[in-house]
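Heads up: the structure comes next, in structure tokens.
Only the coordinates and a few stated rules stand behind these numbers; no lab work does. Remember, predicted model here, so these are calculated numbers, not experimental data. All Cβ positions, glycine included, derive from the backbone under ideal geometry; neighbour counts span all protein chains shown.
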Ligand SMILES: [Zn+2]
């Protein structure tokens, strides 16, 4: 097997993936800010990360996945004030919704979901050290900032050059609304002001609350160590969020925070940036309300390469649905194989398909050719259908289930199995009744199945059934 190669935003190239500890992977992914329902742009990132984690596990790594929950920031505080409820009650609602949404989309749960409000101590510790080292400074109002001029590597991830922001430079960017000494210095600790209401912590660095960036440094290092393997997010996280995480973490520990920085591209809707004002803004719930199957939505989000912009549309969900329907038809067809013995080498087809599937994913999660290899498998098997016997059913279905460990969209296509078994059993009973000339019972069984939407047809080869 080839080695896994992954595009590292830090070096701007594909690199062979090497772990810190043999066989183990520590991965940190920036999680939701729980002030609203997550939208499909967020979900695209979460599903790419799910694909990545599933694939790492599939190829044998013992993965520890950490995703933070941002449950204190300007937006959550504003939301709780607007509804006149406690911050924790406000964020609980959206935290719960987030977990429901990822379950609906069959996203494998992370090992840890640390919440910012429960890790203030860890954040304060880092801030204290940065103050002691003279890399952070306190302003008159008590807020604490990270001085990027004291960190020479600043800009390493994003290519951002702070000198360009100095006086006279054109196109000055507004980076952080709390910026102080330099426009790019970012806040580590926000001192209390009365807009924060009852949201504050009395700490060694003062009364207030943490900035957003420090959360991720504190929680990733706590659960994964000072340096871990992979840090993921959407490309909108690269600057300033991840640049700042890198700066404050390394300034604190003297070590690199993560070895591989992996980012998913944007999601557009109908070729436009998603925006509430344009009426093209979707949460998962909006799409479910329109009657789309969650797995058609998942398939739509997973089937474009993570570094390609994804153009989302309802048309795309419909195409995904018809792809899933084709796989379902294939499964049903395979289950109904009547011959006993297979006359072709199914193992050979499976091995070749599996190799192509895995090799493509090893190449920077190249999903399109990986899926193409899977559909080529279906096409090949379908074209040899008459040569297939019952001894191949488990092998063929087993391969679909194996692919699904990584893709995570097909499980429900097997879910009719119990129904299938029940139907087969009733058909047997009916045949026996007919042999015994118990036509009353035979009719009862036929009617019972009819009430379940199953119609029986007696043919020369025996009784077959169809869904109405
Ligand atoms: Zn983060």
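Of note:
- Share of Cα-Cα pairs in region 277-334 lying beyond 13 Å, as whole percent: 64
- Whole-Å semi-axes of the ellipsoid equivalent to region 1-156 (Cα gyration tensor, √5λ, descending): 31, 26, 13
- Residue order, fewest to most surrounding Cβ atoms within 10 angstrom, among 459, 227, 76: 459, 227, 76
- Stokes-Einstein diffusion of region 25-112 at 37 °C, 0.692 mPa s viscosity, Kirkwood radius from Cα pairs, rounded to a whole number: 236 µm²/s.
- Sorted by Cβ density within 10 Å, fewest first, the residues 220, 322, 149, 80: 322, 149, 80, 220
- Angle in degrees between helix 439-451 and the longest Cα principal axis of the chain, rounded to the nearest 10: 20
- Computed on the Cα trace of the chain, the radius of gyration divided by the Kirkwood hydrodynamic radius gives Rg/Rh = 1.08.
- Beta bridge orientation in region 1-157: antiparallel %, DSSP, nearest 5: 45
- Prolate/oblate/rounded call for region 317-413, Cα gyration tensor, a/c under 1.5 rounded: oblate
- Share antiparallel - DSSP beta bridges, the chain, percent rounded to 5: 55
- Ranking of 320, 264, 313 by count of other Cβ atoms within 10 Å, fewest first: 313, 320, 264
- DSSP bridge pairs, region 5-264: antiparallel proportion in percent, nearest 5: 45
- Tilt relative to the chain, helix 314-335 - C-alpha long axis, 0 to 90 degrees, to 10: 40
- log10 of Debye I(q)/I(0), alpha-carbon scatterers only, for region 5-264 at 0.07, 0.10, 0.13 Å⁻¹: -0.24, -0.50, -0.86
- Angle between the chain longest axis and helix 417-435 axis [Cα atoms, degrees, rounded to 10]: 10
- Convex hull of alpha carbon positions in region 417-467: directionally averaged projected area 3.3 nm².
- Computed [θ] at 222 nm, deg cm²/dmol, the chain (DSSP H ≥ 4; -39,500 (n - 2.57); rounded to nearest 500): -14000 deg cm²/dmol
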